[in-house]
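Written out below as structure tokens is the structure these notes cover.
Coordinate-derived values only; no laboratory data. Since the model is a prediction, treat every value here as computed from it, not as a measurement. Quick reminder, even Gly has a Cβ in these numbers, built from the backbone with ideal geometry, and neighbours come from all protein chains shown.
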Amino acid sequence: MKKLLTTIALATSLASMGFAAQAQETKVAIGISGWTGFAPLTLAKEAGIFKKHGLDVTIKKIPQGTRHLAIASGDIQCAATTVETWIVWNANGIATTQIFQLDKSFGADGMVTKGDIAKISDLKGKTVAADSPGTATYFTLAWMLKKNGLSIKDVKVTNLGPQAAANAMIAGTAGIDAAMTYEPFLSAVRAKPEVGKIMATTLDYPMIMDTFGCTPKFLAENPKAAKGLADAYFDAIAMVKADPKKSFEIMGADVKQSGEAFEKSQAFLRWQDRAANQTFFAGEHAAFSKEAADLLLEAGIIKSIPDLTKLADTRFLK
């Protein structure tokens, strides 16, 4: 009887320890889109990597144009977006801090034009489909125009999200001369060269870089969880290298692609590991942020430049 009671007590103790470990998992809600570059975050969740690092992660698909509102409301604590978008959010009073880099685009973002547009400067006075101001595709348009002697004021912008913009080009929508989009939607245009041509991508203009960040409040209250988020991301990248087939299937399923199709779309970007992150934040991040902030101000997307020195916290990269 004594032995039975001891066994029951031990089992109860172990169960309690299990519940305690479960209770220690930090809850965090993350806002992303279906962009291929963010996919390792989905992999980290679906493969149990976040859980391994003591995190109970909820991933919410929120359009880039409204993701900052979800942060402001407290619906999410962290998000993934482009480097320049963090500048826009902070300039508009949405305090956020980047903690690691996700990816760099190598042809995954681009401008698609109809056949009568021979060069970017031919877009003067034309209509371009791009997402709303403060989003990656709108910024990419502004960047490419500036590099070709034009400004955002020289074109007419029709606000369409990346998928809708690509679909408009494929459908041959009248009145739209060009569109800004990204993977996996850019590949849909690549597959139909008769509808238009890819005028330029981030191979020509390397300026799309995605980072992950959270509110200063979350980082201050949950430094261990922040470190776990970074470590889980790097573990997910390691899993892609170790088991690409399984990884591509998991990531592809999230955006309704086969593993093979996802593998093709991810070839146009580079996920950034811990070493690449340390190099990026050592200088490139600050330099790009300065140039991006100047363009955002010039394009009227922001009214003033926030303190750029407070946009990143690199202590979680170690």
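Odds and ends about this structure:
- Kirkwood hydrodynamic radius of the stretch 112-266, from the reciprocal of the average inverse Cα-Cα distance over all distinct pairs: 17.6 Å.
- Taking the chain and dividing mean pair separation by its residue count, relative contact order in percent (alpha carbons under 8 Å, at least six apart): 27 percent
- Using C-alpha pairs below 8 Å separated by at least 6 residues, the relative contact order for the stretch 109-201 is 45 percent.
- GNM result for the chain, Cα springs below 10 Å: residue of Ala242, Ala286, Ala178 fluctuating most strongly: Ala242
- Evaluating 6.51 cos²θ - 1.76 cosθ + 1.60 at θ = phi - 60° for every residue in the stretch 134-147, the Karplus couplings come out as x, 10, 5, 6, 5, 5, 4, 4, 4, 5, 5, 5, 4, 5 Hz, glycine and proline recorded as x.
- Listed residues Lys227, Lys147, Lys45, most fluctuating in the chain (Gaussian network, C-alpha, under 10 Å): Lys147
- Charged side chains reduced to their Cβ positions (Lys and Arg at +1, Asp and Glu at -1) give the chain a dipole of some 580 debye around its Cα centre.
- Relative contact order for the stretch 26-142, counting Cα pairs under 8 Å that sit 6 or more residues apart, in percent: 28 percent
- Per-pair calculated FRET efficiency, R0 = 45 Å: Asn148 and Ser73 via Cβ, rounded to 0.05: 0.70
- Intensity falloff of the stretch 45-97 expressed as log10 I(q)/I(0), Debye formula with alpha-carbon point scatterers, at q = 0.21 Å⁻¹: -0.80
- The chain: most fluctuating residue of Ala44, Ala238, Ala174 per GNM, C-alpha cutoff 10 Å: Ala174
- The Rg/Rh ratio for the chain, using Cα coordinates for both the radius of gyration and the Kirkwood hydrodynamic radius, is 1.05.
- Other-chain or far-sequence residues with amide H under 5 Å of Thr181's (modelled H): Gly110, Val112
- Annotation for Thr66 and Asp116: the two label points, set 7 Å from Cα along the Cα-Cβ direction, are 3.6 nm apart.
- Dipole magnitude for the stretch 109-201: about 220 debye, using +1 per Lys or Arg Cβ and -1 per Asp or Glu Cβ, origin at the Cα centre.
- Sorted into 10 angstrom bins from 0, the C-alpha pair distances of the stretch 204-307 split as 12, 31, 34, 22, 2 percent.
- Relative to the longest principal axis of the Cα atoms of the chain, the long axis of helix 223-242 lies at roughly 70 degrees.
- Residues within the reach of a label modelled at Glu291 (point 7 angstrom out along Cα to beta-carbon, backbone nitrogen below 17 Å), restricted to the stretch 240-280, are 280.
- Among Thr135, Ile62, Ala191 - extreme Cα towards positive end, dipole of the chain, charges at beta-carbon: Ile62
- Placing pseudo-labels 7 Å out from each Cα toward the beta carbon at Ala253 and Lys51 gives an inter-label distance of 1.4 nm.
- D_trans [Stokes-Einstein, Kirkwood Rh over alpha-carbon pairs] for the stretch 237-283, 4 °C, 1.567 mPa s, µm² s⁻¹: 111 µm²/s
- Each residue of the stretch 109-201 gets 76 Å³ once the volume of the Cα convex hull is shared out per residue.
- Taking a Cβ cut-off of under 10 Å around Ala225, the surrounding Lys, Arg, Asp and Glu residues balance to a net charge of 0, with basic ones at +1 and acidic ones at -1.
- DSSP-assigned coil residues among chymotrypsin sites (Phe, Trp or Tyr not before Pro) in the stretch 86-139, each with at most 13 further Cβ atoms within 10 Å: none
- The simple Förster model, with R0 at 25 Å and r as the Cβ-Cβ distance, assigns Ala238 and Thr58 a FRET efficiency of 0.60.
- Highest-first arrangement of 254-264, 300-310, where packing means the average Cβ count within 10 Å: 254-264, 300-310
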